[in-house]
1. Rolling a 1.4 Å sphere over the protein heavy atoms, what is the accessible area per residue of the chain, to the nearest Å²?
2. Ranked by accessible surface with a 1.4 Å probe, highest first, in what order do Asp254, Asp175, Asp323 come?
3. Rank Leu153, Pro118, Thr134 by how far each Cα sits towards the positive end of the charge dipole of the chain (+1 on Lys, Arg Cβ; -1 on Asp, Glu Cβ) and give me just the farthest.
4. Computed from the mean reciprocal separation of all distinct C-alpha pairs, what Kirkwood hydrodynamic radius does region 166-241 have, in Å?
5. Send over the Kirkwood Rh of the chain, from the inverse of the averaged 1/r over different Cα pairs, rounded to one decimal Å.
6. With all protein chains present, how much of the accessible area of region 88-169 (probe radius 1.4 Å) comes from carbon and sulfur, to the nearest whole percent?
7. Working from Cα positions, state the angle (0 to 90°, nearest 10) between the long axis of helix 388-404 and the longest principal axis of the chain.
8. How long is the gain from Lys305 to Ser160 if the chain were fully straight, where each residue apart is worth 0.36 nm and the alpha carbon distance is subtracted?
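The values are calculated or read from the model by the stated rules, or taken from the named source; none is laboratory data. Everything numeric here is computed off the predicted structure, so don't read it as measured data. Cβ placement follows ideal geometry from the backbone for every residue including glycine, while neighbour counts extend to all protein chains displayed. Note: areas computed on protein heavy atoms with side chains; ligands, DNA, RNA excluded. Shrake-Rupley method; radii C 1.70, N 1.55, O 1.52, S 1.80 Å.
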Amino acid sequence: MGLSATFSPIPVIVWFYLVIITSLGLILKRSESPFILIGILLYLISFELLARMARTSPFIPYELGKYLLCAGMIWGILKYKTGGKEGWIMLLCLVPAIFIDVTGQVVSSDLVFNILGPVNVALVIVFFYKQQVTTRQLSHLLRMIVYPMLGVLGYTIIKSPDFKEVEFALGANVDWSGGFGSNQVSTLFGLGAFFMFILMINRWKFSGYVLIDALVLFAFSFQGLLTFSRGGMLGAVLGIMVVLFFLRGASLLDRKKYKLPKIGKYVLPAILVAVVAYLAVDEITGGMLSLRYQGETMGTLEGSKVKSLNSVTTGRFEIFEGDINLWTEHFFLGVGAGASRFIRETMTGTVAHVELSRLLAEHGLLGLIYFLILCRLGFQLFKSNPNPLIRGILMALFVVAMYTTFHAAMRTFVTPALIGLSLLSVKLTEKKKPVQQVSPRAKVETLV
């Protein structure tokens, strides 16, 4: 898919609709478990960035993840009659801002762009909450998200220039993100690296070969670091740290009971692969990668600028401050969905990159309630599963989802998809008992 996308959008379009058509029978089929629907949705929404790269619009919508996830969740809620009540409350919190616009400049596209992300998060909470899957099924769901990411990875590798042709600077590098938004590409590759880490330490083989899995992990890390966009890769590190926290804190009894992976045998090799990728990119860029992750810019190195929280966050802190000021002026109902960028005193005209401040500025007190309910669901994950590793994975998925809202808001499928996965009820896969073959003579003797 990635290779074909560099030549023509037709193969990606054909494959996308072929998957939809061949999956309709499975989606419409009566089933007590929504596992098939979840897997198909996660696979299709992960095509979002690859579809953009292949320039498939309007055949595949530019913001595919938002529209498809919304439609899929509504269908799933109606079919399976799920009941994550917190999600309904969160949806109600979003309604007033749809009808408010203190600027008079918000158009329908602004409204959809800003409101559909939080709506999808609320819907996935309604649908995913306490849905039961096995550990084997969870591993399948993670793979379904990674598959389309390989297409994006292939596309960026093919489109990447020769190292000698690029002069690395202390800013996001679109040359290494296929010419597209480096923040989105980095977020996707960071997520891919994090998922490959989970698959490797659990011995949930992705390709069937450990060395190939390690190579995929290296490729995601290497290409993600080359974008020089820090958000996505730091998210991967954060997710890995959360998993390690729960794994290291497991008791000896739990280690034996759940057969947790050994740190030295399974976890350290996966971490080593990612570290080697970092060292390789830092060497190739002449140390510029390390400076980038230290928050340095050309201005701070030359002495013309002072390194501050705003420079380290690439202007996000200034946007955050502007949104908070708007909230203090419109405390109860906010300025209306999509309106903050038009009247924000700082970074006017720039869309919010921090979802929390956008919720407060545009939804007021109801936005705060929305966010607090979301946080409450996250705190419940500390006791979500008796298996320390599964609990750590679910918690890491939620933490990465929330972290993503602080550098990319809720503009991609990443946050709703990960929050949905984190709310699943995961049980151990039961091993099938061997069936004993009984001879015809034994059957006759038993009957007699």
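1. Heavy-atom accessible area per residue stands at 47 Å².
2. Reading off the accessible areas and sorting them downward yields Asp175, Asp254, Asp323.
3. After comparing all options, I get Thr134.
4. 12.6 Å
5. Values: mean 1/r = 0.0429 Å⁻¹.
Value: 23.3 Å, from the Cα pair sum.
6. C and S fraction of accessible area: 60 percent.
7. Compared with the principal axis, the helix lies near 20 degrees.
8. Details: separation 145, 0.36 × 145 = 52.20 nm, distance 3.13 nm.
Separation in residues times 0.36 nm, less the Cα-Cα distance, equals 49.1 nm.
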